[in-house]
Amino acid sequence: MKKTSVILLVINGVLVIALTVLLSLYLSSFSNSNIVYVDNVELFNGFNMSKDLGKINKDKITKQKKKLDSLYTIYSILKEQKNEEKSTELETQLRSEDQELRKMNEYFSKDLSQKVWNRLNQYIKEYGEANEYKIVLGTQGNGNVMFAEEGINITEDILIYANHKYEGNQ
């Protein structure tokens, strides 16, 4: 009876070790090759669509700011000259132009950013499927992913892929 107990104990030990090794191999292959991350800020800022839309928007905003500054300068002169009628008209125009500038800023920060992210998310999905990733995480360094090995950072790879697709290359 003692001999049977020892044999069962040895068999159980071997099975536990075998299962542990198999589980370790499975988990290490899963975690190393199927979970990756991208730096959202770097990706957004490096994406050519962001740069293109940012330049267009910056030009529009700069033009609007110059217009607003010019109107304000004229308004100041009229106020100084105590020309109430013209300064009141200009004050209304100043409010309107200022509102236009705010709308431009809001449009870029919300609507255009959303368009960029919609495009990037599609490219990330395509890239992830093509490379058989199980999960592509996004990080900004202050939240979701606080640490990850540099080897699983695919920001540069996705950025190259996304810019290539954005420029019309297949």
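The values are calculated or read from the model by the stated rules, or taken from the named source; none is laboratory data. All values reported here derive from a predicted model rather than from experimental measurement. Counting neighbours? That spans all protein chains shown, and the Cβs are built from the backbone with ideal geometry, glycine included. When the accessible area is computed, the model is the full protein with side chains, heavy atoms only, and any ligands, DNA or RNA have been set aside. Shrake-Rupley method; radii C 1.70, N 1.55, O 1.52, S 1.80 Å.
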What number goes with the only condition from (1) closer than 30 Å to ILE152 by Cβ; (2) in contact with a helix residue (DSSP H, G or I) (Cβ under 6 Å, 6 or more places away or on another chain); (3) small (Gly, Ala, Ser) that SER87 does not pass?
(1)
Would you call GLU132 in contact (Cβ under 8 Å) with a residue 24 or more places away in the chain and surrounded by fewer than 16 Cβ atoms within 10 Å (Cβ to Cβ)?
yes
Which pairs have Cβ atoms under 9 Å, sit 6 or more apart or on different chains, and link a residue in the range 38-60 that is farther than 18 Å from GLN122 by Cβ to one that is among the aromatic types (Phe, Trp, Tyr) and open to solvent by 30 Å² or more (accessible area, probe 1.4 Å)?
GLY54/PHE108; ASN57/TYR107; ASN57/PHE108; LYS58/PHE108; LYS60/PHE108
Does ASP111 qualify as being among the charged types (D, E, K, R) and at pLDDT 90 or above?
no
Filtered residue count, the range 90-106, keeping only those that are within 13 Å of LYS60 (Cα to Cα) and touching a residue at least 12 places away in the same chain (Cβ under 8 Å)
5
